[in-house]
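Reading through the structure tokens given below for one structure.
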Amino acid sequence: MIKYIEKTPSAEEFNYLTNSVGWGVRKIDIVKEALSNTLYCICAYDDDNIVGFGRIIGDKTIFLYIQDLMVIPKYQNQKIGTEIMNKLLSQINVYKNINPNIRTYLGASKNKEHFYEKFGFICRPNEDLGPGMILY
């Protein structure tokens, strides 16, 4: 049975997940710093093993960003990602008490846009918004 726990994962758990989904690993000190600057984390565990994760970053009032939603391949297609998203959106609703017009962004992995559309996210560009961009 999968347990969902509001907590920050260890840097090692985070790297395990990112490596499992094909995103590679980062230096432990970099991961620790990134996680320490996170507003909210939700972890999915099967027994004591992390199998999924998602987090929210941002300023809590104008801007939020859903980051690093991931489920290891063996556990995909079991609604774990959906449950993580539901918990992230529930927390976003708490932030909406501060500002009902807060904007929430995310960057979908390639070919995963449909998953996020089920939660009301829209693709860019569209009639009102230009394309999202990134600086490497």
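Let a ≥ b ≥ c be the square roots of the eigenvalues of the Cα gyration tensor of segment 1-69; is it rounded (a/c under 1.5), or, if not, prolate (a/b larger than b/c) or oblate? It is oblate, given that a/c is not under 1.5 and a/b is not larger than b/c. Selection among 50, 19, 89 by position relative to the dipole of segment 2-109 gives 89 as farthest towards the positive end (Cβ unit charges, Cα centre). Lysine pair count for segment 26-115 (Cα-Cα distance under 29 Å; residues 8 or more apart in sequence or on different chains): 29. Full extension of the chain segment joining residue 2 with residue 77 gains 25.7 nm, where the gain is 0.36 nm per residue of separation less the Cα-Cα distance.
For the chain, the square roots of the Cα gyration tensor eigenvalues, ordered a ≥ b ≥ c, give a/c below 1.5, which places it in the rounded category. Ordering 80, 101, 2 by Cα displacement along the dipole of segment 2-109 toward the positive end leaves 101 in first place; charges were set at the Cβ atoms of Lys, Arg (+1) and Asp, Glu (-1). A simple spin-label model places the labels of residue 25 and residue 61 4.0 nm from each other, with each point 7 Å out along Cα-to-Cβ. Comparing 107, 22, 52 in a Gaussian network model of the chain (Cα springs below 10 Å), the most mobile by mean-square fluctuation is 22.
Based on DSSP H segments of at least four residues, each scored -39500 (n - 2.57), the chain has a per-residue ellipticity at 222 nm of -9000 deg cm²/dmol.
Of the trypsin sites (Lys or Arg not before Pro) found in segment 54-115, the ones in coil according to DSSP and having at most 16 other Cβ atoms within 10 Å of their Cβ are 60, 79, 110, 112.
Take every DSSP beta bridge whose two residues both sit in the chain; close to 80 percent of them are antiparallel. Panel order for 20, 36, 109, 90, by other beta carbons found within 10 Å of each beta carbon, from fewest to most: 36, 90, 109, 20.
If a/c stays under 1.5 just call it rounded; otherwise compare a/b with b/c (prolate if a/b is bigger, oblate if not). Do that for segment 61-136, with a ≥ b ≥ c from the square roots of the Cα gyration tensor eigenvalues. Here segment 61-136 falls in the oblate category. Stretching the chain fully between residue 37 and residue 115 yields a gain of 25.5 nm (0.36 nm per residue, less the alpha carbon separation).
Any read-out appearing in this document is the output of simple, stated calculations on the displayed coordinates, not a laboratory observation. All of these numbers come straight from a predicted model, not from anything done at the bench. Cβ: placed from backbone, ideal geometry, glycine included. Neighbour counts: every protein chain shown.
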